[in-house]
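Asker: What follows is a structure written as structure tokens; I'll ask about it next.
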Amino acid sequence: MLRILVADDHAIVREGLKQVLSEEFEQATISETSTAKGTIDLVKAQKWDILILDIHFPDRNGVEILKEVKSLQPNLPVVVLSLSPEDQYGIRVLKAGGAAYLNKESAPEELISSVKKVLDGGRYVSASLAEQLAASIAPPRTTPLYQTLSDRELEVLEHLGTGSTVSDIAEALSLSVKTVSTYRSRLLEKLRLRTTADLIRYAIEHRLSK
């Protein structure tokens, strides 16, 4: 029997995914979790045939969860879903071991197609993400500076883009204020900006706000 784990912090999204999946895979057992910790705990507890994983959780970034999942179950195929454009996370997800990256606005048929291909041992890459992959191996031209950021730096930038303070971000990510301040300094340097206001503006302009 097919065992599917759906991990997303929004109940409505989980219900929608379960409905779409159950209609196509009638004999499947579909379990769900709403937190990063719950995802890791369930992956530790039993074997799964596929994980459908959100990219954003309040307590942790999905790319970090993906990396830990792959360390626990290296052969577990993971389909990552997000509202973020593919150019922000698509390549990061594939490099971290994800088998597919889909925008949540994708049609249900595309989700089913990706799941079937992943279950057959393949990877699912949309046309737009394929273009991003091609660009990533082509001679460098005008790669956005945010693509040079680490996963954690990008996560801090996303929080800054919502107007969160350093203290807010420290609490949300379980980091010290000093550590978040260090990340902010790195962001200013890497993005060639001068102030926190510049970082907020940059995040909004590049649709990087959480």
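Each reported figure results from applying straightforward, stated rules to the coordinates on display, with no laboratory input. These figures come from a predicted structure and were not determined experimentally. Every residue, glycine as well, gets a Cβ built from its backbone with ideal geometry; the counts of neighbours run over all protein chains shown.
Asker: On a 0 to 90 degree scale, rounded to 10, what angle separates helix 196-205 from the longest Cα axis of the chain?
Answerer: The angle comes out near 40 degrees.
Asker: While we're here: Please report, in debye to the nearest 20, how large the charge dipole of the chain is about its Cα centre when each Lys and Arg carries +1 at its beta carbon and each Asp and Glu carries -1 there.
Answerer: Taking the Cα centre of the chain as origin, the dipole is about 840 debye.
Asker: Could you work out how far the C-alpha centroid of the stretch 163-189 sits from that of the stretch 1-26, in angstrom?
Answerer: Taking the Cα centre of the stretch 1-26 as reference, the centre of the stretch 163-189 is 34 Å away.
Asker: Now for a different question. List the lysines whose Cα sits under 24 Å from the Cα of residue 70, skipping any in the same chain fewer than 8 residues away.
Answerer: Excluding near neighbours in sequence, the set is 18, 37, 44, 47, 95, 104, 116, 117.
Asker: Per DSSP H run of at least 4 residues, take -39500 (n - 2.57); add these up for the chain, divide by its residues and hand me the 222 nm value, nearest 500 deg cm²/dmol.
Answerer: Value at 222 nm, helices only: -16000 deg cm²/dmol.
Asker: Could you give me D for the chain, from Stokes-Einstein at 20 °C and 1.002 mPa s, where the hydrodynamic radius is the Kirkwood radius over C-alpha pairs? Units µm² s⁻¹, please. Provide the component values of the computation, followed by the final result.
Answerer: Values: Rh = 17.9 Å.
So the translational diffusion coefficient is about 119 µm²/s.
Asker: Grab the Cα-Cα distance for residue 19 and residue 31, subtract it from 0.36 nm times how many residues apart they are, and report the gain in nm with one decimal.
Answerer: Details: separation 12, 0.36 × 12 = 4.32 nm, distance 1.19 nm.
Separation in residues times 0.36 nm, less the Cα-Cα distance, equals 3.1 nm.
Asker: Can you tell me the FRET efficiency between residue 107 and residue 2 if r is taken as the Cβ-Cβ distance and R0 is 25 Å, rounded to the nearest 0.05? Display every interim value, and only then the final one.
Answerer: Values: r = 21 Å, r/R0 = 0.86.
The pair residue 107/residue 2 has a calculated efficiency of 0.70.
Asker: To one decimal place, what Kirkwood hydrodynamic radius in Å is obtained for the stretch 145-205 from all pairs of distinct Cα atoms?
Answerer: 11.2 Å
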